[in-house]
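Data first, discussion second: the structure below is written as structure tokens.
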Amino acid sequence: MTFRDGLLKARGQLTFIAALAISTGIIIYLETLDTEAHIQGRVATELSRQRHAPTTVSPAIDAAVRANLQRSEQAYGADPDSPASRAALLSTLSSAVQLGILKPEDGLTRVQRILADMERRRGEPSTVVDAALGTAAVAFPSLQDRIADLNASAKS
């Protein structure tokens, strides 16, 4: 038997060994890709995108939040030192942004103005305002440090 005849008879086994070597190489390559981190990154991106996507809001709730926003803005304009008007406006702005009624940038600008007023005129601690600040901290994560400072200074 010649070498060529031996190769022809062993071609099935040689094909199996080549396929095994190639599939092992592919498995090793895929293991080095760290696909779990990529999947977690995609999930985090999708969750972040969904948080900012407007939710479906019933027309009755939409109208109620819009009316509450208008009333709380009027109340805050009339008496910005009132804890109740501050809390109402902070809560309503947070709700309006989370429900997609207001753009996040618009709500952020309005809340920043309220926080600036609160920082200039330090008032008495108020449970209602503290609760509203907590709601604003959830709706506007970029303001969490300022809100924590306001909460800490109100308690001291």
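Worth pointing out:
- Consider the range 9-28 and keep the residues that are open to solvent by 90 Å² or more (accessible area, probe 1.4 Å) and over 56 Å from the mean Cα position of the chain (by Cα). The one that is modelled with the highest pLDDT is 11.
- Exactly one residue out of 72, 91, 95, 82 is more than 24 Å from the chain's Cα centre (by Cα) and surrounded by 19 or more Cβ atoms within 10 Å (Cβ to Cβ): that is 72.
- Summed over the range 110-141, residues that are assigned to a loop (DSSP other than H, G, I, E, B) and within 18 Å of the chain's Cα centre (by Cα) total 1.
- Close pairs (7 angstrom Cβ cut-off, 6 or more residues apart or separate chains): within 15 Å of residue 57 (Cα to Cα) and outside any helix (DSSP H, G or I) in the range 79-105, at pLDDT 85 or above and β-branched (Val, Ile, Thr) anywhere: 99/65; 101/65
- Residue check for residue 109: β-branched (Val, Ile, Thr) and surrounded by 14 or more Cβ atoms within 10 Å (Cβ to Cβ): no
- Within the range 64-75, residues that are in a helix (DSSP H, G or I) reach partners that are β-branched (Val, Ile, Thr) and at pLDDT 90 or above with beta carbons closer than 8 Å, at six or more positions or on different chains, in the pairs 65/92; 68/92; 69/92; 72/92.
- Residue in the range 29-38 that is farthest from the chain's Cα centre (by Cα), counting only those that are open to solvent by less than 100 Å² (accessible area, probe 1.4 Å) and of a type outside the set (S, T, N, Q): 30
The values are calculated or read from the model by the stated rules, or taken from the named source; none is laboratory data. Since we're looking at a predicted model, the values are computed, not measured. Reconstructed Cβ throughout: ideal geometry from the backbone, glycine too, with neighbour counts over all protein chains shown. The protein model used for the area step is the full one, side chains on, heavy atoms only, and it has no ligands, DNA or RNA in it. Shrake-Rupley method; radii C 1.70, N 1.55, O 1.52, S 1.80 Å.
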